[in-house]
Amino acid sequence: MLELYGARFTSRLLLGTAQYPSPETLKQAVKASAAEIVTVSLRRESARARAGQGFWELIEQLGCRVLPNTAGCRTAKEAVATAKMARELFGTPWVKLEVIANDDTLQPDLFGLVEAAAILNAEGFEVLPYTTEDLGAAERLVAAGCTVLMPWAAPIGSARGLTNKDGLKALRAYFPDVKLIVDAGIGAPSHAAEVMELGYDGVLLNTAIAKAANPVKMAKAFAHAIEAGRLAFEAGLIEPRDMASPSTPVAGTPFKIDHAS
Amino acid sequence: MQILLNGEPVVTQARDLDELCASLGFTGARIATAVNGSFVSAGRRATTSLAPADTIEIVAPRQGG
């Protein structure tokens, strides 16, 4: 059971809603993934196209809890204003807080992130910050009131998987009581399983499913991988070792002559 | 007066934010608003006067990652 700010979920997969080939494929992928939380955004609404009104109806049909993001915001001020607009529009105190530092890497601006998180937490938001594996930033986000942290695995949309596995392991070790969700950079179900094997609480992804040749089948693959990784963590993985260790009993091996005696 | 609406220069007769939204056909629509970088709640639109060169954002739900 995944618990985020007092709300409980069976699925540990949080799914983005962008980049699918069609609204119908999005709906089917959400269903196949069994995700109970989907991320959404806010964008400028054209009086002519009114694209947001149709998307709102689609969101309602999904029946999931929505997690609005502040994607594209470059300053704490922009992120705070966007979060407030999202709270009114989606009727949720949740916000996936993004303050972006660089267009090429889409890496978080950790200084702006901490500043915005402190303001939003003080105003009653429940903040899920998109961060890095940086321990100092994590400490400041937790001090600002965040009980969930969402470090990247790799740059958004890069599909590179866990580029700093040791950093993610250290974050898990330092913050055993904070909910940790890897957000961004996941490309394959094996990456997601690896995250879960580290003891992370969940995985948030979008592109790896939406841009797959068959998004619905890939959604199912990720659901299985995340469940498998979590089960493996709970079961307790064995430690790797340098040399071989026979799995078949050595005692009684035919033709074996004990040279030591 | 001329304002900047969603990044585009627009001439409007609207005196406040509520009038502006209505003039664009957004009455009852799922939108949220900001003026000069700060959030303005739906309840405060009618009492938020517009001034020349104001920067207005009108946003709606959209797909996101």
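The set of residues from the range A:32-62 being under 20 Å from the mean Cα position of the chain (by Cα) and without any contact (Cβ under 8 Å) to a residue 12 or more places away in the chain is empty. Against the test of being out of contact with any helix residue (DSSP H, G or I) (no Cβ under 8 Å at 6 or more places or on another chain) and part of a loop (DSSP other than H, G, I, E, B), the options B:GLY43, B:GLY25, B:GLY65 yield a single qualifying residue, B:GLY25. Taking the criterion of being closer than 20 Å to A:PHE233 by Cα and of a type in the set (A, V, I, L, M), the residues of the range A:1-34 that qualify are A:MET1, A:LEU2, A:LEU4, A:LEU13, A:LEU14. For A:ALA49, indicate whether it is more than 7 Å from chain B (Cβ to nearest Cβ) and at pLDDT below 95. Yes; evaluated as a whole, the condition is true for this residue.
Please specify each residue of the range A:79-112 satisfying the condition of being within 10 Å of chain B (Cβ to nearest Cβ) and not aliphatic (A, V, I, L, M). Passing the criteria: A:THR82, A:LYS84, A:ARG87, A:GLU88, A:PHE90, A:LYS96, A:GLU98.
Looking only at the range B:47-61, residues that are over 11 Å from the mean Cα position of the chain (by Cα) and surrounded by 14 or more Cβ atoms within 10 Å (Cβ to Cβ) come to 2 in all.
Put simply, of A:ARG87, A:ARG74 the only residue that is of a type in the set (Lys, Arg), on the phi < 0 side of the Ramachandran plot and not in a helix (DSSP H, G or I) is A:ARG74.
Can you go through A:ALA223, A:ALA213, A:ALA208, A:ALA219 and tell me which one is more than 14 Å from chain B (Cβ to nearest Cβ), under 19 Å from the mean Cα position of the chain (by Cα), closer than 19 Å to A:GLY157 by Cβ and not aromatic (Phe, Trp, Tyr)? Just a single option satisfies the conditions, and that option is A:ALA219. Can you say whether A:GLY16 is closer than 22 Å to A:ALA101 by Cβ and within 11 Å of chain B (Cβ to nearest Cβ), as far as the supplied structure shows? Taking the combined requirement at face value, the residue satisfies it. In this structure, is B:ASP18 charged (D, E, K, R), more than 9 Å from chain A (Cβ to nearest Cβ) and touching a residue at least 40 places away in the same chain (Cβ under 8 Å)? When the stated conditions are applied, B:ASP18 does not pass them. Residues in the range B:21-34 that are within 10 Å of another protein chain (Cβ to nearest Cβ) and of a type in the set (Val, Ile, Thr): B:ILE31, B:THR33.
The values are calculated or read from the model by the stated rules, or taken from the named source; none is laboratory data. Remember, it's a predicted structure, so these values are computed and weren't measured experimentally. As a convention, Cβ positions derive from the backbone with ideal geometry for all residues, glycine included, and neighbour counts pool all protein chains shown.
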